[in-house]
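The values are calculated or read from the model by the stated rules, or taken from the named source; none is laboratory data. What you see is a predicted model; the values in this text were computed from it and never measured. Counting neighbours? That spans all protein chains shown, and the Cβs are built from the backbone with ideal geometry, glycine included. The protein model used for the area step is the full one, side chains on, heavy atoms only, and it has no ligands, DNA or RNA in it. Shrake-Rupley method; radii C 1.70, N 1.55, O 1.52, S 1.80 Å.
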Amino acid sequence: MAYFENVSKIQYEGPTSKNALAFKFYNPEEIIGDRTMEEWLRFGVAYWHTFTYDGTDPFGHGNMIRPWNHLKGMELAKARVEAAFEFFEKLNAPFFCFHDVDIAPEGETLRETNKNLDEIVDMIEDYMKTSKTKLLWNTANMFTHPRFVHGAATSCNADVFAFSAAKVKKGLEVAKRLGAENYVFWGGREGYESLLNTDMGLEQDNLARFFQMAVDYAKEIGFSGQFLIEPKPKEPTKHQYDFDVATGIAFLKKYDLDPYFKFNIEANHATLAGHTFEHELRVARINGMLGSVDANQGDPLLGWDTDEFPTDLYATTLAMYEIIKNGGLGKGGLNFDAKVRRGSFEPEDLFRAHIAGMDSFAVGLKVANKLIEDRVLDDFIANRYRSYNEGIGKDITQGKADFKVLEEHVLDMKEFKNESGRVEELRALVNQYLLTAF
Ligand code: XLS
Ligand code: CA
Ligand code: CA
């Protein structure tokens, strides 16, 4: 049975195409620099937003028209798998991602839940034998069920800690079975509401213990995917421990966990933390910890996690700039952790939205690559910092200067010759590249 019968395989038709269900800029085979667009971009479809989300918001019932709406329980879960692989095939998606609860319903006990999960994972495994679509990452949902009210690995309740551990144990087994490239930890409820009732030290020690157990178990079962922490400053918890990349790095280093983790950076989480998307990518990159990306965008007029499909070309360009400079994402990819707006309720909107996101990142890739090839920013930056290439600057970077030497250097200096940072000129240059790349 076809779930998306009004849609055939999405083709690349070029920038002048008027076909809404075609790629205008994403041409998987096109070579950019040293690899194809498909190899650079490694797009992933998020199961939860695409196949599970029904449009429910805090003020309204679900309203999405989906061909599987009449089904329930395991029948629903199976239909979603069928629909998912039809969708992947038609979109030509190389990857997908899921939470355990996205793919199979929970039972009364973990044993029952795992049984449901096994049945669906069998089915997914079968599909994956003939599909080109691979698993970018899976993760455990440890935030929806009421048992996680006080957190999962940071809960004040040790039984909940144990339950969470068992869920991740199962998740790692599933990851291994399905050949996941990564495994994600997003701590939606790992944080606190008020310090008045919180032992922050114990909670953070426990979170580190939890991560260490995950590292150990992955090793024990031979799961070699990359572990990723996905930072977010808040929502649902008021203060989340993995606030942003810098906070995450400090945490991992404190507990000697940094060799085992990289970051999954979400655009909308970056902006919620008061950063730009490219800032978070840069912090991860210069620390060798840029793992993967949740490609979406927030809304500057709304203060929460709106998870919109990315269409801001300026943002995709600056993001791809970091990714190219990183040499690509390795095992990571660009997962569309993005949902169609409530008003976009037709099944075809799922395609329209993914096409918009994929085309936007294809533009970003092309423009960023040109900026890098032409050394537009590199040369400017190299020149801006040239005072460190000789004299006192060189002594500083080579560790030859101390406070006394530096005092000597400036004690009688009367003038400091600074130059313009010319940021407006550079922004205009990026605009020029954006408008002339195609
Ligand atoms: C929620 C997060 C979540 C993670 C995976 O804000 O983005 O969806 O990506 O648990
Ligand atoms: Ca995310
Ligand atoms: Ca989000």
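The P(r) of the stretch 334-437 has a tail past 25 Å containing 54 percent of all C-alpha pairs.
Report summary: the helix-based calculation at 222 nm, which adds -39500 (n - 2.57) for every DSSP H run with n ≥ 4 and divides by the residues of the chain, gives -14000 deg cm²/dmol. Annotation note: chymotrypsin sites (Phe, Trp or Tyr not before Pro) in the stretch 293-353 located in DSSP loop regions with a Cβ neighbour count of at most 14 within 10 Å are Trp304.
Applied to the stretch 407-415, the Karplus parametrisation 6.51 cos²θ - 1.76 cosθ + 1.60 on θ = phi - 60° returns per-residue 3J(HN,Hα) values of 4, 3, 5, 10, 3, 10, 6, 9, 10 Hz, with x for Gly and Pro.
Which one, Leu202, Ile65, Asn6, is farthest towards the positive end of the dipole of the chain when Lys and Arg carry +1 and Asp and Glu -1 on their Cβ? Value computed over the given set: Asn6. The stretch between Ser131 and Val405 holds 92.2 nm of extra length on full extension. This uses 0.36 nm per residue minus the Cα-Cα distance.
Legend: Rg and Dmax of the stretch 258-405, from Cα coordinates, 19.0, 70 Å. Once backbone amide H atoms are built at 1.01 Å from N, Asn141 has Asp100, Val101 as its partners under 5 Å, excluding neighbours fewer than 5 places away on the same chain. Expressed in units of 2.2 N^0.38 Å, where N is the residue count, the Cα radius of gyration of the stretch 96-168 is 1.23. Per residue, the average separation of C-alpha pairs within less than 8 Å and at least 6 apart gives the chain a relative contact order of 15 percent.
Between Arg384 and Met74, residue separation times 0.36 nm minus the direct Cα-Cα distance comes to 105.5 nm.
In the chain, what percentage of the DSSP-assigned beta bridges are antiparallel, given to the nearest 5? Close to 20 percent. For the stretch 192-246, a simple Cβ point-charge model (Lys and Arg +1, Asp and Glu -1, everything else neutral) yields a dipole of about 80 debye relative to the Cα centre.
The count of lysine pairs in the stretch 216-289 that are at least 8 places apart or cross chains, and whose C-alpha atoms lie under 21 Å apart, stands at 8. Using C-alpha pairs under 8 Å with a sequence gap of at least 6, the mean separation divided by the residue count of the stretch 92-203 gives a relative contact order of 29 percent. Its Cα gyration tensor gives the chain an equivalent ellipsoid; the semi-axes, largest first and in whole Å, are 39, 30, 19. Shown is the FRET efficiency for Lys18 and Thr311, computed with R0 = 30 Å from the Cβ-Cβ distance and rounded to the nearest 0.05: 0.95.
About the centre of its Cα atoms, the stretch 128-248 shows a dipole size close to 700 debye [charges on the beta carbon of Lys, Arg (+1) and Asp, Glu (-1) only; nearest 20 debye]. For the stretch 90-232, dividing the convex hull volume of the Cα atoms by the residue count gives 118 Å³ per residue. With the convex hull drawn around the C-alpha atoms of the stretch 161-217, the volume per residue stands at 81 Å³. Take the chain with all the other protein chains still there, run a 1.4 Å probe, and you get 49 Å² of accessible area per residue. For the stretch 335-431, lysine pairs with C-alpha atoms less than 27 angstrom apart, excluding pairs fewer than eight positions apart on the same chain, total 8.
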